[in-house]
Every structure is written in structure tokens, then in C-alpha cells.
Amino acid sequence: MTHQPTPRRQALLALLALAATPALAQTDFSKVEIKAEKLSDTTWMLTGAGGNLGLSAGDDAVFLIDDQFAPMAPKIQAAIAQITKRPLQFVLNTHFHFDHTGGNEALGSKGALIVAHDNVRRRMSSDQLINFVGSSNKQPASPKVALPVVTVAGEISFHINGDEVYAFHVPRAHTDGDLIVHFRKSDVVHMGDVYFNGMYPFIDGSSGGTADGVLAAADRVLKLAGDKTRIIPGHGPLASKADLVDWRDMLATVIVRIKDLRLAGKSDAEIRAAGVTAEYDARYGNGFVKPEAFVQMMLGVLPPK
Ligand SMILES: [Zn+2]
């Protein structure tokens with residue numbers, strides 16, 4: 001007798017498939033602790049397993065950016081309860097990937113209003129394949145309670161906690177549904193996976209991401225950021241504007257090199273052998289995306305010629 005896969009079982013299988021990737025091979029969620037770092041009177045960065053979280057808490061509302069993996073939801077709720085006694089009112093997803101939306105089901109069930117770009121709801125409504133350099137992870141369709149209730153095409157503002165929380169879409173960047181969030185008064189930006197601090201980025205071409213879109217998004221953040229702006233990346237430690245400038249310049253340089261080689265008629269194999277990332281590998285090549293995988297990925301998220 002065979003058992004029909006339930007949504008819960010499918011989610012587990014997806015998680016197991018992901019666990020085969022190097023970044024999560026060792027993840028035991030029971031051992032992960034949520035750590036909170038206060039960034040202003042009303043904002044915090046929280047880290048655990050999966051994407052970095054942003055939190056605004058104050059007199060009006062509790063507003064959370066992203067919610068990691070499903071097993072992390074109780075720990076995220078406990079961490080928020082250490083900061084505020086108010087209920088979690090808003091969850092904003094920076095994009096649809098399951099290491100940023102896994103807690104939606106638990107938090108949505110408790111009454112949080114989930115907000116995201118239009119394409120996040122569209123992608124979470126059906127099974128998705130997330131490809132990365134020859135491997136792929138299935139993200140099964142989410143139950144209704146986990147889906148965004150408010151969806152955004154361009155931009156949206158939340159007037160809470162004495163701050164203006166401004167979220168805007170950056171087209172075809174990490175995916176086709178990225179929102180970047182600027183806490184204007186607190187001078188904090190959450191970039192989601194458009195920015196991996198200290199690491200080469202993962203750009204999900206299978207979900208509409210492009211290298212030029214990531215570069216344009218980084219430039220947009222650099223325009224609104226000042227020298228004291230705190231930047232929460234999707235992965236990696238809290239960043240400054242200077243960190244983002246360096247990373248953006250690395251990405252721009254690699255993009256130009258690959259485009260030039262393509263214009264010169266070089267094959268993908270020749271470009272992979274050309275050392276286009278060499279001087280950056282020590283600083284950025286030790287994260288989820290290793291140097292060879294980064295070049296291979298870039299070949300897929302840049303225009304053919
Ligand atoms: Zn992602």
C-alpha cells in the first residue's frame with residue numbers, strides 16, 4: 001500500500017532535498033537559536049536558520065520581514081515575545097523562497113497579515129522548481145493560510161511605530177518577486193536575497209532572476225542609503241553602505257568581464273576558465289555559492305550575447 005503525499009510530507013521532502021545542498025547539509029533546527037540585534041528604537045535584525053529577519057516593534061504594530069523555515073516559527077515567535085508583548089500583525093515576504101516563507105503557515109494561522117509582491121503569491125500557489133547549477137529543489141504549493149493576503153505590484157508604505165516602512169519592488173533581481181524594505185526614520189534597509197553580504201550571490205534564473213536586475217537593485221539602495229544606514233542582507237552579517245558598494249563593484253566587474261568575453265566570441269567553457277572572479281574569491285567565494293558555481297550561474301542569468 002502506498003501513501004498519498006500530504007502537503008506536510010511534501011514540505012518535508014522539499015526540505016530533505018534542500019538539505020542535500022551544502023549550505024544546509026548540517027542544519028539541525030532543534031539546535032538553532034534566534035539572535036536579536038537592536039538597530040534603532042523600533043527595529044531589530046534577527047538571525048537563525050534561513051534568511052535574515054527584520055522586525056519593527058513599537059507603540060502601533062509588530063511587523064516582521066521574512067520567517068525562515070517552518071520549524072523555526074515557534075522560535076521566531078518566542079524571540080519576538082522577548083521584545084514586545086503585542087501580537088504579530090504583519091509579515092512581509094521579501095520573495096517566495098522557502099527559507100524566507102516557511103513560517104507563513106504558522107504565523108498566518110495566528111492572524112498575521114501576509115504581504116508580498118504579486119509574483120510571490122502566484123509562485124507560492126503552485127509547485128515550483130528552484131534550479132541552481134545543475135541541481136534543483138522542489139518547493140511545493142503552499143496552503144492557503146500561508147499565502148500573501150495583500151500583494152504589491154510596485155510599492156507600499158506602512159505608517160507604524162513612528163516610522164515610515166517603505167517597500168518597493170526591484171524587477172527581475174534575485175527572483176521576479178523581490179521587495180526591498182526601507183525603514184526611513186530608523187535608517188535601516190532589508191534587501192532580502194538581492195544581497196548576500198560577504199558572499200557571491202545566488203541569482204535564481206529559474207524564477208525570473210537576472211544579474212542586471214540585481215545590479216540595478218543594489219544601485220537603487222545605494223542611492224537611498226547614507227554612510228550610517230544599516231543594511232540587512234538576505235544572508236550574511238549586517239552590512240554598511242561601504243560593504244554594499246564593494247559587493248556591487250565586484251558584481252559589476254564580473255558582469256562586464258563575462259559580457260566582454262561573450263562579445264569576443266568566447267564559449268562558456270572558455271569563460272569558465274578565464275578567472276573572471278580571481279581577485280574576489282578569497283573575500284566572496286566561501287559562502288553558499290562557490291567561485292566555479294558563481295561563474296556557471298552568471299552564464300545563465302546574463303543575456304546570451
Ligand atoms: Zn532566496
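Observations
- All of (1) open to solvent by less than 20 Å² (accessible area, probe 1.4 Å); (2) within 25 Å of Asp212 (Cβ to Cβ); (3) touching a residue at least 60 places away in the same chain (Cβ under 8 Å) hold for Val165 with one exception: (2).
- When Asp176 is tested against (1) within 16 Å of the ligand (Cβ to nearest atom); (2) over 29 Å from Tyr284 (Cβ atoms); (3) acidic (Asp, Glu), just one condition goes unmet, and that condition is (2).
- Condition met for Phe288 (within 28 Å of Leu53 (Cβ to Cβ) and at pLDDT below 95): yes
- Residue selection: Ala73 satisfies the criterion of being of a type in the set (A, V, I, L, M) and buried (at least 19 other Cβ atoms within 10 Å of the Cβ).
- Residue list for segment 61-78, filter: among the aliphatic types (A, V, I, L, M), in contact with a Gly (Cβ under 8 Å, 6 or more places away or on another chain) and assigned to a helix (DSSP H, G or I): Ala70, Met72, Ala73, Ile76
- Among the residues of segment 61-78, just one is touching a helix residue (DSSP H, G or I) at 6+ places or on another chain (Cβ under 9 Å) and aromatic (Phe, Trp, Tyr), namely Phe69.
- Residues (in contact with a helix residue (DSSP H, G or I) (Cβ under 6 Å, 6 or more places away or on another chain) and either without any contact (Cβ under 8 Å) to a residue 12 or more places away in the chain or farther than 19 Å from Gln68 by Cα (or both)) located in segment 142-154: Thr151, Ala153
- Residues (surrounded by 23 or more Cβ atoms within 10 Å (Cβ to Cβ), touching a Ser or Thr at 6+ places or on another chain (Cβ under 8 Å) and closer than 20 Å to Phe98 by Cα) located in segment 22-63: Gly51, Leu53, Gly54, Leu55, Phe63
- Just one of the listed residues (Asp260, Asp243) is within 21 Å of Lys290 (Cα to Cα) and either outside any loop (DSSP other than H, G, I, E, B) or touching a Cys at 6+ places or on another chain (Cβ under 9 Å) (or both), and it is Asp243.
- Residues located in segment 43-59, provided they are away from the ligand (no atom under 16 Å from the Cβ) and either outside any loop (DSSP other than H, G, I, E, B) or under 23 Å from His95 (Cα atoms) (or both): Thr43, Trp44, Met45, Leu46, Leu55, Ser56, Ala57
- Across segment 186-206, the number of residues qualifying as charged (D, E, K, R) and within 12 Å of the ligand (Cβ to nearest atom) comes to 2.
- Hey, His182 within 27 Å of Gly48 (Cα to Cα) and open to solvent by 10 Å² or more (accessible area, probe 1.4 Å) or not: yes
- Hits in segment 220-234 (condition: within 16 Å of the ligand (Cβ to nearest atom) and open to solvent by 80 Å² or more (accessible area, probe 1.4 Å)): none
- Condition met for Lys266 (open to solvent by 10 Å² or more (accessible area, probe 1.4 Å), under 20 Å from Gly300 (Cα atoms) and part of a loop (DSSP other than H, G, I, E, B)): yes
- Every condition in (1) closer than 21 Å to Arg121 by Cβ; (2) in contact with an Asp or Glu (Cβ under 8 Å, 6 or more places away or on another chain) holds for Gly154 except the one numbered (2).
- Taken over segment 235-245, the criterion of being away from the ligand (no atom under 16 Å from the Cβ) and touching a residue at least 24 places away in the same chain (Cβ under 8 Å) is satisfied by Pro237, Leu238, Ala239, Asp243, Leu244.
The values are calculated or read from the model by the stated rules, or taken from the named source; none is laboratory data. Small disclaimer: the values here were computed from a predicted structure and weren't measured. Don't worry about glycine lacking a Cβ; one is built from the backbone with ideal geometry, like all the others, and counts go over all protein chains shown. Note: areas computed on protein heavy atoms with side chains; ligands, DNA, RNA excluded. Shrake-Rupley method; radii C 1.70, N 1.55, O 1.52, S 1.80 Å.
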